[in-house]
Protein chains: 2
Amino acid sequence: MLKHNTYFDGKVQSIGFERNGLRATVGVIAPGEYRFNTAAAERMTVLSGQIQANVGDAGWATFPTGTVFEVPANGAFDVRAVGGPAAYLCEFLG
Amino acid sequence: MLKHNTYFDGKVQSIGFERNGLRATVGVIAPGEYRFNTAAAERMTVLSGQIQANVGDAGWATFPTGTVFEVPANGAFDVRAVGGPAAYLCEFLG
């Protein structure tokens, strides 16, 4: 029921789950820069630390703990963890 | 740097990280009831879903998303995920 996901040689890892038919993951990003492609649209909530994101190549923005950004379906985004690992909740919107 | 932890046949899983010398994990609890012992004190923040906790055998209390409970060092607590998996942030205070 829970699924462990690992990307970029273990530098991004998450635990996937589903509740009320909606899929989500909680995960951690180690320092570094990573590019992800999306199938469904995603809502990313920063839980700990600080994340910089470049969504759809629109430019980098900084998201501290407690803030949220969304990524469209069939898109791409780059993320960076700033000053140490950062934790996130990713909710799939589609 | 990131560490995947799995407990109770994979029904509780987390990703451990450290920033500014403080250890933390983000994880998910599948439906069921689980008992954990603590070494350091812990602050648990519910990120998604709902958790019931029985800290130090003081009785069960319900913690919805956005709420927090703390567990003393060298103690124990029981947790339940209610109505589906629940996600949490665990910050080690010691």
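Every number in this text was worked out from the coordinates using simple rules, so none of it is lab data. If you're wondering where the values come from, they're calculated on a predicted model, not measured in any experiment. Positions of Cβ are backbone-derived with ideal geometry, glycine not excepted, and every protein chain shown enters the neighbour counts.
Distances from residue A:66 to the same position in the other copies: list them in nm, one decimal, shortest first, using label points 7 Å from Cα along Cα→Cβ.
Inter-copy label distances (nm, one decimal, shortest first): 1.3.
Quick one: plug the Kirkwood hydrodynamic radius of segment A:1-88 (C-alpha pairs) into Stokes-Einstein at 4 °C, 1.567 mPa s, and report D in µm²/s.
98
Express in whole angstrom the spacing between the alpha-carbon centres of segment B:27-57 and segment A:37-94.
Result: 26 Å between the Cα centres.
Given H placed on each backbone N at 1.01 Å, which residues far from residue B:40 in sequence or on other chains put an amide H within less than 5 Å of it?
Here B:74 satisfy the definition.
What FRET efficiency comes out for the pair residue B:65/residue B:34, r = Cβ-Cβ distance, R0 = 25 Å, nearest 0.05?
So, using R0 = 25 Å, E works out to roughly 0.85.
How big is the shadow of the Cα convex hull of the protein assembly as shown, averaged over all directions, in nm²?
It is 10.0 nm².
Might you report the magnitude of the Cβ-based charge dipole of segment B:3-92 about its Cα centre, with Lys and Arg at +1 and Asp and Glu at -1, to the nearest 20 debye?
200
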